[in-house]
Amino acid sequence: MLRVSKVDEWLPRPRDAERPHAGPRAHGDCVIIRPGGRLPVDPPAGPAEPPGAGARMRPRLAILPPGTRGRPHFHDAQATAIHIVSGETEVWHGDGLTQRWVAQAGDVVCVPLGAPHLTVNRGDVTAIAVVSLADHPDQAGTVVIELPRHLAGLLALPVAAGS
């Protein structure tokens, strides 16, 4: 089991003053929780049952090398929690992938059921994250979507292996 404590003591976070703690957002949006921040009191939930009900968590390691991106997608029947271990990524999310957050080491990104999202690493450091999916036995899985027109410039970035 990976256990990390007092992340702020060993990870440099030069831009903390520029980035306020994230709070809960409207249903369908990603939520980013900063170290020292609080979990949302009522996080966005799926339509049928609370996140994680009848599910088991499936953690995996995700690696996004510099100058790469993932595929735009959503999880039809899975809530996702992403703990950024190193590096920094852009997280595009919401309808049409019009909303953008920058997540860096120590942040946790919560992605509700059905929320479209895309990660991009424009930095020069490999981004590493522990991704946990609430795995339902009857889940529909990952649905890849088309890259919206306003993000067409990202087509120049290769898709990271395994994305």
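The values are calculated or read from the model by the stated rules, or taken from the named source; none is laboratory data. Please read all numbers here as calculations on a predicted model, not as lab measurements. When we count neighbours, we look across all protein chains shown, and the Cβ atoms used for this are built from the backbone with ideal geometry, even at glycine.
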Open item on the list: With the requirement that a residue be in contact with a strand residue (DSSP E or B) (Cβ under 9 Å, 6 or more places away or on another chain), surrounded by fewer than 19 Cβ atoms within 10 Å (Cβ to Cβ) and more than 21 Å from Leu61 (Cβ to Cβ), what does region 79-100 give you?
Closed with: Gly94, Thr98, Gln99, Arg100
TODO: Could you tell me whether any residue of region 127-134 is modelled with pLDDT under 90, loosely packed, with under 15 Cβ neighbours inside 10 Å and under 16 Å from Ala62 (Cβ atoms)?
DONE: no
Open item on the list: With the structure loaded, tell me whether Arg34 is among the basic types (Lys, Arg) and at pLDDT 65 or above or whether it fails that test.
Closed with: yes
Open item on the list: Please go through region 148-163 and give me each residue that is loosely packed, with under 10 Cβ neighbours inside 10 Å and assigned to a helix (DSSP H, G or I), ordered by number.
Closed with: Arg149, Ala152, Gly153, Ala156
- [ ] Out of the residues in region 62-78 that are surrounded by fewer than 17 Cβ atoms within 10 Å (Cβ to Cβ) and among the charged types (D, E, K, R), state the one that is farthest from Val143 (Cα to Cα).
- [x] Arg71
Task: Filter result for the condition that a residue is closer than 20 Å to Arg60 by Cβ, modelled with pLDDT under 95 and buried (at least 19 other Cβ atoms within 10 Å of the Cβ), over Val111, Val143 - done: Val111
Open item on the list: I'd like the full set of residues that are outside any strand (DSSP E or B) and modelled with pLDDT of 90 or more, limited to region 57-93.
Closed with: Pro65, Pro66, Gly67, Gly70, Arg71, Pro72, Gly87
